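Data block below; observations after.
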Amino acid sequence: MLYTDRSDYSDDMSRVKPIYDAIDAIIVDARLDHNNLDRAAYARHLAIADAIITHRVPVDEPAVAAAPKLRIAVRGGVGYENLDLTALTERGIPGCNVPDYGSEEVAVHALSQLLALRRQLLFYDSSLRTGRWQDWEQARTIHRLSLQTAGIVGFGRIGREFAARARAFFGEVIACDPYIAPEEITARGVRPVSIDELLASADAVTLHVPLSPETTHLIGEPQLRRMKRNAVLVNTSRGPVVDQLALAQALEHEWIEGAACDVWEREPPDPAHPLLRCPNFVASPHVAYYSEEGDRDLRRLAAEEVARVLRGEPPRCRLN
Ligand code: NAD
């Protein structure tokens with residue numbers, strides 16, 4: 001029995017069906033609301049689950065305790081902060097993620113939001129729609145991109161994909177990642193720097209770190225105040241990496257020029273969220289990963305991981 005909280009793992013069955021058929025999996029597609037989790041309903045599924053593929057629902061200590069047959073938990077995505085690896089490890093259950101299905105998509109999404117901000121696309125679009133042609137009075141100054149510096153925080157899979165593309169647009173690309181050897185960063189034509197230097201010198205900052213206690217509110221008021229006044233910030237990593245109320249303040253008081261968020265401290269965000277009232281702000285609803293091809297790869301790779309472990313083989317992407 002495979003439990004999943006996301007409908008489309010069991011849709012598009014033509015591609016993943018043979019994988020599930022080979023292990024005789026019965027898929028329970030519960031679609032529980034992770035923000036208002038019905039623990040009793042969840043526990044009923046867990047009581048009979050051999051495997052879990054979770055998108056948003058937590059596989060935390062009570063969930064693991066409620067799943068006596070569980071043999072594998074897969075986070076259907078890259079970030080895995082909703083898997084309690086300690087609880088899984090105590091039971092000897094592998095916790096896995098799918099790290100490599102959509103790095104290109106996230107990098108392209110971050111770059112698109114960044115370019116939209118730098119080229120003032122939202123402003124021009126709304127001006128024209130309200131009958132204003134070349135409204136120089138209201139328009140912000142635009143500067144040549146090849147004279148600017150892009151700063152990447154987190155030089156993993158997505159950060160590297162971003163760097164490869166950003167080098168075609170920006171005069172310089174710098175990156176901060178304390179866990180990657182500086183030579184690895186330099187080898188990709190990117191200059192390694194500290195977070196302080198990055199915030200002080202980048203004209204565009206993009207975040208590609210995992211969510212952890214260390215990265216929670218990595219960007220808050222002090223960091224935003226340290227950034228250049230003309231800088232823009234793009235967050236496609238995880239909502240809590242940025243203190244979003246401080247970011248709204250930064251935009252309101254023009255500590256920085258613009259920002260974009262694909263991810264939110266609470267998802268979905270309150271429609272009255274102050275960021276959604278900021279003019280120089282680009283919003284998207286946690287879709288940076290999405291392309292048809294990436295989504296198909298995600299479903300296939302998650303299914304293959306489950307099948308592997310239920311067949312008694314080692315998983316491909318074990319986290320614990
Ligand atoms: P990755 O593990 O390959 O890279 C993350 C990098 O961040 C690592 O190199 C790590 O050393 C670095 N890092 C960790 N802590 C840091 C810190 N304090 N300062 C600087 N660097 C630090 O992961 P990835 O595939 O590049 O993905 C990054 C994150 O993007 C994921 O963890 C996930 O939360 C997020 N993500 C979002 C979407 C989306 O749709 N918006 C999709 C996929 C992934």
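The values are calculated or read from the model by the stated rules, or taken from the named source; none is laboratory data. None of the values given here were measured: they were computed from a predicted structure. Cβ placement follows ideal geometry from the backbone for every residue including glycine, while neighbour counts extend to all protein chains displayed. The protein model used for the area step is the full one, side chains on, heavy atoms only, and it has no ligands, DNA or RNA in it. Shrake-Rupley method; radii C 1.70, N 1.55, O 1.52, S 1.80 Å.
Quick one: is GLY77 touching a helix residue (DSSP H, G or I) at 6+ places or on another chain (Cβ under 6 Å) and in contact (Cβ under 8 Å) with a residue 40 or more places away in the chain? Before the answer, list the steps.
Working: touching a helix residue (DSSP H, G or I) at 6+ places or on another chain (Cβ under 6 Å): no; in contact (Cβ under 8 Å) with a residue 40 or more places away in the chain: yes.
It is false that GLY77 is touching a helix residue (DSSP H, G or I) at 6+ places or on another chain (Cβ under 6 Å) and in contact (Cβ under 8 Å) with a residue 40 or more places away in the chain.
Among the residues of the range 145-184, what is the count of those that are more than 8 Å from the ligand (Cβ to nearest atom), over 19 Å from VAL106 (Cα atoms) and either crowded, with 22+ Cβ neighbours inside 10 Å or of a type in the set (A, V, I, L, M, F, W, C) (or both)?
3
Could you check the range 241-300 and list, in sequence order, the residues that are small (Gly, Ala, Ser) and open to solvent by less than 10 Å² (accessible area, probe 1.4 Å)?
Of the range 241-300, the ones small (Gly, Ala, Ser) are 246, 248, 250, 258-260, 272, 283-284, 288, 291, 294.
If the condition is that a residue be small (Gly, Ala, Ser) and open to solvent by less than 10 Å² (accessible area, probe 1.4 Å), then ALA246, ALA248, ALA250, GLY258, ALA259, ALA260, ALA288, GLY294 are the ones that fit.
Please name all residue pairs, on different chains or six or more residues apart, with Cβ atoms under 6 Å, provided the first residue is in the range 198-211 and is touching a residue at least 40 places away in the same chain (Cβ under 8 Å) and the second residue is of a type in the set (Asp, Glu) and surrounded by fewer than 23 Cβ atoms within 10 Å (Cβ to Cβ).
LEU211/GLU81
So for the range 262-272 (the condition being in contact with a Leu (Cβ under 6 Å, 6 or more places away or on another chain), among the aliphatic types (A, V, I, L, M) and more than 15 Å from the ligand (Cβ to nearest atom)), does at least one residue qualify?
Within the range 262-272, not a single residue is in contact with a Leu (Cβ under 6 Å, 6 or more places away or on another chain), among the aliphatic types (A, V, I, L, M) and more than 15 Å from the ligand (Cβ to nearest atom).
Which of the following residues is over 24 Å from PHE281 (Cα atoms), polar (S, T, N, Q) and modelled with pLDDT of 95 or more: THR216, THR186? Steps first, please.
Details: THR216 fails: over 24 Å from PHE281 (Cα atoms).
It is THR186.
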